[in-house]
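**Student:** Mind having a look at this structure? Questions to follow.
Bear in mind these aren't lab numbers, they're just calculated from the coordinates by the rules spelled out. Bear in mind the structure is a predicted one, so any value in this text is a computation, not a measurement. Here the Cβ positions follow ideal geometry from the backbone for every residue, glycine too, while neighbour counts run over all protein chains shown.
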Amino acid sequence: MKKEPIIHVKNVSKSYPIAGKEFMALKQIDLSLNEGEFAGIVGPSGSGKTTLLNILGSLDKPTQGDAFVLNKDIKALSHNEAASLRNYHIGFIFQVFNLLPVYTVFENVEFALLLQNNSAKERREAVMRALNWVGLTDHADKRPDKLSGGESQRVAIARAMVKAPKIVLADEPTANLDSENAHEILKTMKKLNQELGTTFLFSTHDEKVMGYLDRIIHLRDGKIEKDEKNKL
Amino acid sequence: MKLELKLAFRNLFGSRLRTLLNVLVLSFSFVIIILLNSIMDGWNQQAQKDSIEWEFGNGHLINEKFDPLDPYTILDGHDKIPEENIGLTPILERQASIYPQGRMMSVVLKGISSEQEILKLPTKILKESKEEFPVIIGKRLAESAKLNKGDRVQVRWRDSKGTYDANTLSITEVFDSNVPNIDNGKIWIDINKLWGMTNLENEASYFVVDGKFKNPELSSWNFKSQFALLKNLKDLINQKKTAQSVVYGLLLAIALLAIFDTQILSIFRRQKEIGTYIALGMTRLRVVRLFTIEGSVYSVLALIVGSIYGVPFFIYMSETGFPIPPADQKMGIALAEVIYPVYGLKLILMTVLTVIISATIVSYLPARKIAKLNPVLALKGKKQ
């Protein structure tokens, strides 16, 4: 029996008004991702990578076409349904980490679970498990401003993974990291992908990232130029 | 709601200095509002108590021709004391002139039974005195006429037929009362003496009534209850309270403006944070609620901080009181040298509710903008 794709994008276009003109960020994109894939959308700045991730993360809606994530039509989701999808099934990792500055590492990671109304014991166990994955259990009480860039991104990974989501969307996760930290982060994500079966979709133009990807989707000027298995 | 509350506390405790400043400003307003109101309430209670004890008793039964606020009615505003006079302490008013140190001053001679106990006036001294015309006066008249206890002063009055007469009064006591109405220009004399001086035997301008008075329908006498007599005083204090509410309204407005500004600034500066909340699965409505609750929590923290330094201050004030400058005591209303604040439950609850509700409203107004934010732009921290 053929497995249902976890992400299915069909003929998706997205346009924005810029200086009174419509700018086409995405042009008739077709894409499918299966569960457990470790894939990346690769392309130069302005190619539409982040726009596509935002649509798949239900933060934005396509202007045309259909995007299905976990069989849910992104276009048809209400605010609350989209929030619920993000809260339970989608983890985000951002380029600039986006950690909540006044929270400790523990509280940052705990946040998603708070929204799910888990008990304090469940939350504690899950947060410590997630921090253990990224090797930051001894930093639980620190604030983000006391962490290095690599540590901050690892907290962001723990935050994305703590709720055991089906999909993690990582927008240029290594762009603000040095080479050593970038490799560490990517190894961590690869390990989580293999151990937990979580689907990872990156947007990147970083050569280092490409080495870790199983599948590379090349995007240029809002169009998929090439979609290939990584031979590296 | 519980989660938003928890997060709001977390956010506020996290942003230490900003929270501290807002909380301090708001707590100061909270303490000042309670203090100003409690002083007004203290004044109200003290003024009512003094007025009842020194002037009003349980009410006045006033001759229909006599108007206490119109000196022209003193001449004819009197009548025979009714036969049924249980619970009535008669007071007869007559106009007179005194000549302290060669000056002439218009005064009102007020005849009262030296054995009365309904008013706090020290009238027993009048009975005990060996002087021919012993009188008591209040400290205000004593000061304006430069008279002291033991002094003598010439007095001239007219009897019932209009004939002038004169004699010498002996100041046997200068009493200290907070009620200017029984003091300024008033000389208290035994009513029997005044009846003799004026040929108005057994007549009174009005009566102070006590608990035994049953308020029968007495022709030519009108009854004014204690409540009715206190009305002017209450109206005056309420008017002062209203005027004062402008002051604490301004104070509260400044504190609320600080919260409003913080909220506006927060929504601009915390765009990335708002975007992150939404990306992590918070609905926009919940983010609006979170920011609104943050504003309300300022007021809750302000109440706690205000209580920490306010309660000892309130206790200290209730023990030492609030001194009233001598100039203010000459305003013509019952005003003690020291006013002791009264902290009523209603006052505290009203103040707490006012502060919390107004802080919530000023927090909600800017927070509504969050509902319209584009989360994609917010995540990038772009100003919207």
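**Student:** log₁₀ I(q)/I(0) of chain B at q = 0.15 Å⁻¹, via Debye over equal Cα point scatterers, no solvent, to two decimals?
**Tutor:** -1.21
**Student:** Among B:20, B:69, B:265, which one shows the highest mean-square fluctuation when chain B is modelled as a Gaussian network with alpha-carbon springs under 10 Å?
**Tutor:** Highest fluctuation among the options: B:69.
**Student:** Note down the nm distance, to one decimal, between modelled labels 7 Å out along Cα→Cβ at residue A:30 and at residue B:65.
**Tutor:** Taking the two extended label points, one gets 11.5 nm.
**Student:** Once the Cα gyration tensor of region B:205-324 is found, what semi-axes does its equivalent ellipsoid get, as square roots of 5 times the eigenvalues, in whole Å, sorted largest first?
**Tutor:** Semi-axes, largest first: 55, 19, 14 Å.
**Student:** Ok, one more. Pop the C-beta distance of residue A:164 and residue A:120 into the FRET formula with R0 = 25 Å and round what comes out to the nearest 0.05.
**Tutor:** It comes to 0.85.
**Student:** Using the crude model of +1 on Lys and Arg Cβ and -1 on Asp and Glu Cβ, and no other charge, please compute the dipole size for the protein assembly as shown relative to its Cα centre, in debye to 20.
**Tutor:** In total the dipole reaches around 2960 debye.
**Student:** Charges only on Cβ, +1 for Lys and Arg, -1 for Asp and Glu: so what's the dipole of region A:18-131 about the Cα centre, in debye to the nearest 20?
**Tutor:** Here the size comes out at about 180 debye.
**Student:** So, one more: Can you report the principal axis dimensions of region B:59-212 using only the alpha carbons, biggest first, rounded to whole angstrom?
**Tutor:** Extents along the principal axes: 43, 32, 29 Å.
**Student:** Please arrange A:59, A:114 by how many other C-beta atoms lie within 10 Å of their C-beta, fewest to most.
**Tutor:** Listed from fewest to most nearby Cβ atoms, that is A:114, A:59.
**Student:** If you don't mind, another one. Just rank B:217, B:201, fewest to most, by other beta-carbon atoms within 10 angstrom.
**Tutor:** By the 10 Å Cβ count, ascending: B:217, B:201.
**Student:** The protein assembly as shown: percent of C-alpha pairs farther apart than 44 Å?
**Tutor:** Roughly 49 percent, rounded to a whole number.
**Student:** Still on this structure, please answer the following. Using helices alone, I'd like the mean residue ellipticity at 222 nm for the protein assembly as shown: each DSSP H run of four-plus residues gives -39500 (n - 2.57), total over residue count, nearest 500.
**Tutor:** Computed ellipticity for the protein assembly as shown at 222 nm equals -14500 deg cm²/dmol.
**Student:** Going highest first, how would you order A:182-189, B:114-121, A:152-159 by mean Cβ packing within 10 Å?
**Tutor:** A:152-159, A:182-189, B:114-121
**Student:** For the pair residue B:245/residue B:217, report the inter-label distance in nm, with labels modelled 7 Å from Cα in the Cβ direction.
**Tutor:** 4.1 nm
**Student:** Could you tally the net charge around residue B:296, taking each other residue with its Cβ under 13 Å from the Cβ of residue B:296, Lys/Arg +1 and Asp/Glu -1?
**Tutor:** In short, -1.
**Student:** Right, next: Projecting each Cα onto the charge dipole of region B:59-212 (Lys/Arg +1, Asp/Glu -1 at the beta carbon, about the Cα centre), which of B:136, B:114, B:69 comes out farthest on the positive side?
**Tutor:** B:136
**Student:** Let me ask something else. Explain nothing, just the number: relative contact order of region B:59-212, from Cα pairs under 8 Å at least 6 residues apart, as a whole percent.
**Tutor:** 35 percent
**Student:** What's the whole-number percent of alpha carbon pairs in chain A lying beyond 30 angstrom?
**Tutor:** Percent of Cα pairs beyond 30 Å in chain A: 23.
**Student:** Now for a separate question. For labels at residue B:99 and residue B:76 in the simple 7 Å Cα→Cβ model, what's the distance in nm?
**Tutor:** 3.1 nm
**Student:** Can you work out the PRE-style zone for residue B:382? Point 7 Å along Cα to Cβ, and I want the residues of region A:39-53 with backbone N under 16 Å.
**Tutor:** Output list for this probe position: A:45-53.
**Student:** Contact order normalised by length for chain A, with contacts defined as Cα pairs under 8 Å and 6 or more residues apart; what percent is it?
**Tutor:** Relative contact order comes out at 28 percent.
**Student:** Also: Between residue B:139 and residue B:285, what FRET efficiency follows from the Cβ-Cβ distance if R0 is 60 Å, with the result rounded to 0.05?
**Tutor:** 0.35
**Student:** Another one. As an exercise, use a Förster radius of 45 Å and the Cβ-Cβ distance of residue A:71 and residue B:265 to find the FRET efficiency, rounded to the nearest 0.05.
**Tutor:** 0.60
**Student:** Please list, short to long, the whole-number percent of alpha-carbon pairs of region B:157-207 in consecutive 5 angstrom bins beginning at zero.
**Tutor:** Values per bin, smallest distances first: 4, 15, 23, 24, 19, 11, 3, 0.
**Student:** For region A:66-194, with only Lys/Arg (+1) and Asp/Glu (-1) charged at the beta-carbon, what is the dipole magnitude about the Cα centre, in debye rounded to 20?
**Tutor:** For region A:66-194, the charge dipole is close to 360 debye.
**Student:** Another question about this same structure. Longer than 25 Å from Cα to Cα, which of A:21/A:49; A:229/B:380; A:190/B:272; B:120/B:149 are they? Say none if no pair is.
**Tutor:** Violating the 25 Å limit, Cα to Cα: A:229/B:380; A:190/B:272.
**Student:** Need the full-extension length gain, residue B:106 to residue B:21, defined as separation in residues times 0.36 nm minus the C-alpha distance. One decimal, nm.
**Tutor:** Full extension of this stretch gives 24.7 nm more.
**Student:** Continuing with the same structure: Could you grab the relative contact order for region B:246-365? Cα pairs under 8 Å, six or more apart, rounded to a whole percent.
**Tutor:** 39 percent
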